[in-house]
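*Asks:* Shown below is the structure under consideration.
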Amino acid sequence: MTKNDMRDAILEAKASKGLSWEHIAERVGCAPVFVCATCLGEHSMTQDQAEKLTSVLGLNAEVATALTEIPTKALQGEALMNDPLIYRLKEINLVYGETIKQLIQEKFGDGIMSAIDFTMDIDRIEDPDGDRVQLTMSGKFLPYKRW
């Protein structure tokens with residue numbers, strides 16, 4: 001089973017059961033962002049996590065095996081950038097990217113934020129002027145090596 005076949009099976013089962021990513025993640029014992037990204041083919045799970053996930057969704061061992069395989073990341077590529085919601089995130093980086101870089105390096109020094117040692121939460125913040133999306137990203141700071 002390919003990662004794309006796995007993704008399709010998971011999305012179909014999720015929709016047919018009417019489950020949220022938060023519900024699935026709670027049952028698996030992982031963060032919703034991690035579970036969703038894994039199900040979309042961007043990460044891999046332990047065998048135990050994969051078995052819990054496939055049990056929740058009523059899927060077979062072939063899907064569980066695919067969930068444990070190391071993925072090739074970002075296969076959606078530039079096509080994904082055309083989605084309006086995704087493009088807004090790109091736009092945020094185009095407008096605020098240099099500011100983010102300046103402020104991180106002012107606080108931490110010359111380096112980067114890891115996308116490997118990383119967590120993210122997505123929350124809905126109720127607001128009388130229109131609900132807000134709150135993205136909280138936390139990545140380990142990795143200083144550039146000097147040699």
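*Asks:* Do any residues in region 1-29 that are of a type in the set (Phe, Trp, Tyr) have Cβ atoms under 6 Å from those of residues that are outside any helix (DSSP H, G or I) and modelled with pLDDT under 95, where the two are at least six apart or on different chains, and which pairs are they?
*Replies:* Hits for this filter: zero, empty list.
*Asks:* Give the number of residues within region 15-63 that are more than 17 Å from the chain's Cα centre (by Cα) and of a type in the set (A, V, I, L, M). Walk me through it before giving the result.
*Replies:* The first filter runs over region 15-63 and keeps only residues more than 17 Å from the chain's Cα centre (by Cα), leaving 15-19, 27, 47-48, 51-52, 54-63.
From the residues that got through so far, the ones that are of a type in the set (A, V, I, L, M) too are 15, 19, 56-57, 59, 61, 63.
Within region 15-63, residues that are more than 17 Å from the chain's Cα centre (by Cα) and of a type in the set (A, V, I, L, M) number 7.
*Asks:* Follow-up question, since we're still on this one. Hey, could you check region 91-147 for residues that are of a type in the set (Phe, Trp, Tyr) and out of contact with any strand residue (DSSP E or B) (no Cβ under 8 Å at 6 or more places or on another chain) and say which is nearest to His43 (Cα to Cα)? Talk me through it step by step, then tell me what you get.
*Replies:* Just the residues of region 91-147 that are of a type in the set (Phe, Trp, Tyr), to begin with: 96, 108, 118, 141, 144, 147.
Then keep just the ones that are out of contact with any strand residue (DSSP E or B) (no Cβ under 8 Å at 6 or more places or on another chain); that gives 96, 147.
Details: Tyr96: 27, Trp147: 32 Å.
If we take residues in region 91-147 being of a type in the set (Phe, Trp, Tyr) and out of contact with any strand residue (DSSP E or B) (no Cβ under 8 Å at 6 or more places or on another chain), then Tyr96 is nearest to His43 (Cα to Cα).
*Asks:* For the structure I just gave you, tell me whether Arg132 is in contact with a Lys or Arg (Cβ under 8 Å, 6 or more places away or on another chain), of a type outside the set (A, V, I, L, M) and not assigned by TED's automatic domain parsing to the domain that holds Ala31.
*Replies:* Details: in contact with a Lys or Arg (Cβ under 8 Å, 6 or more places away or on another chain): yes; of a type outside the set (A, V, I, L, M): yes; not assigned by TED's automatic domain parsing to the domain that holds Ala31: yes.
It is true that Arg132 is in contact with a Lys or Arg (Cβ under 8 Å, 6 or more places away or on another chain), of a type outside the set (A, V, I, L, M) and not assigned by TED's automatic domain parsing to the domain that holds Ala31.
*Asks:* Would you kindly identify the helices (runs of 4 or more DSSP H) lying entirely within region 1-67 that contain at least 3 residues that are surrounded by fewer than 18 Cβ atoms within 10 Å (Cβ to Cβ)?
*Replies:* Values: elements: 3-17, 21-28, 32-39, 47-57.
Correct list: 3-17, 21-28, 47-57.
*Asks:* With the checklist (1) closer than 18 Å to Ala115 by Cβ; (2) in contact (Cβ under 8 Å) with a residue 40 or more places away in the chain in hand, flag the one item Val35 doesn't pass.
*Replies:* Of everything listed in (1) closer than 18 Å to Ala115 by Cβ; (2) in contact (Cβ under 8 Å) with a residue 40 or more places away in the chain, Val35 misses just condition (2).
*Asks:* Just name the residue that is nearest to Ser138 (Cα to Cα) out of those in region 97-117 that are polar (S, T, N, Q) and in a helix (DSSP H, G or I).
*Replies:* So in region 97-117, the residues polar (S, T, N, Q) come out as 99, 102, 105, 114.
Filter again for in a helix (DSSP H, G or I), leaving 99, 102, 105.
Numbers: Thr99: 17, Gln102: 17, Gln105: 15 Å.
The qualifying residue nearest to Ser138 (Cα to Cα) is Gln105.
*Asks:* Still on this structure, I have one more. Looking at Lys52, Lys90, Lys107 in this structure, which one is among the charged types (D, E, K, R) and touching a Gly at 6+ places or on another chain (Cβ under 8 Å)?
*Replies:* Values: Lys90 fails: touching a Gly at 6+ places or on another chain (Cβ under 8 Å); Lys107 fails: touching a Gly at 6+ places or on another chain (Cβ under 8 Å).
Sole residue among the options that is among the charged types (D, E, K, R) and touching a Gly at 6+ places or on another chain (Cβ under 8 Å): Lys52.
*Asks:* Is there a residue being part of a loop (DSSP other than H, G, I, E, B) and surrounded by 10 or more Cβ atoms within 10 Å (Cβ to Cβ) anywhere in region 77-96? It would help to see each step written out before you state the result.
*Replies:* Keep residues of region 77-96 that are part of a loop (DSSP other than H, G, I, E, B), which gives 81-83.
Narrowing the set further to residues that are surrounded by 10 or more Cβ atoms within 10 Å (Cβ to Cβ) leaves 81, 83.
Yes, there is a match, as at least one residue in region 77-96 is part of a loop (DSSP other than H, G, I, E, B) and surrounded by 10 or more Cβ atoms within 10 Å (Cβ to Cβ).
The values are calculated or read from the model by the stated rules, or taken from the named source; none is laboratory data. As the structure is a prediction and not an experimental result, all values here were calculated from the model. With ideal geometry, Cβ positions are generated from the backbone for all residues, glycine too; neighbour counts draw on all protein chains shown.
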